[in-house]
């Protein structure tokens, strides 16, 4: 079961008790939208077996002076999966500077932030010993009207391929028990 974002809980408590300024109102509305996206993603997560998968919601990191939210982190025995949820609609493309741009040619999201997120998590997620589990950052667009034109990107998951991707994580998360070879010298 997905926990509610702590900041959203505070805003919901204060709503109608204190006057919100424009910035607070915008942040409250953005948190409400994000809560709906997370609930939608959670419906997909419930369809897979999470026995061998650790699920962490709302991982917040700071990269330089910017605040980044990783909505869902799935940790398996073999890999870390970081999911950033979006509600982009309509046709988009990725320009040569790795910026997601809408059909009106307006920048929507800087995909270079994914590299910064990856590097930050690589610094902080230290596994025991010399082995560092791979870290995979995926942007999940939970709007069926989203379409990526021109240059496809493996960084994005849509509603069409999300179930297959989560099922693949489920299958790869199965812990394989080592079978000891019988001692044939006896």
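Rule-based calculations on the coordinates, nothing more; no lab input. All values derive from a computational prediction rather than experimental measurement. Cβ atoms come from the backbone with ideal geometry, glycine included; neighbour counts cover every protein chain shown.
Assorted remarks:
- In this simple spin-label approximation, residue 27 and residue 87 carry label points 7 Å from Cα along the Cα→Cβ vector, and these lie 1.9 nm apart.
- DSSP beta bridges confined to region 63-149 are antiparallel in about 50 percent of cases.
- Cα shape, region 49-172, gyration tensor, a/c 1.5 rule: oblate
- Modelled label positions at residue 9 and residue 136, each set 7 Å beyond Cα in the direction of Cβ, lie 3.2 nm from each other.
- Computed extension length for residue 122-residue 20: 33.0 nm, one decimal, from 0.36 nm per residue of separation with the Cα-Cα distance subtracted.
- Relative contact order computed over the chain (Cα-Cα under 8 Å; 6+ residues apart), in percent: 20 percent
- Sorted by Cβ density within 10 Å, fewest first, the residues 12, 29, 123: 123, 29, 12
- Spatial separation of Cα centroids for region 69-99 and region 1-25, in angstrom: 25 Å
- Likely footprinting exposure, 89, 158, 65, fewest C-beta neighbours within 10 Å first: 65, 89, 158
- DSSP assigns beta bridges within the chain; of those with both partners inside it, close to 60 percent run antiparallel.
- Shape of region 1-122 from the C-alpha gyration tensor: oblate (a/c of 1.5 or more and a/b not above b/c, with a ≥ b ≥ c the square roots of its eigenvalues).
- Taking other C-beta atoms within 10 Å as the exposure proxy, 162, 50 rank 50, 162 from fewest upward.
- For the pair residue 60 and residue 46, the difference between a 0.36 nm per residue extended length and the Cα-Cα distance amounts to 2.7 nm.
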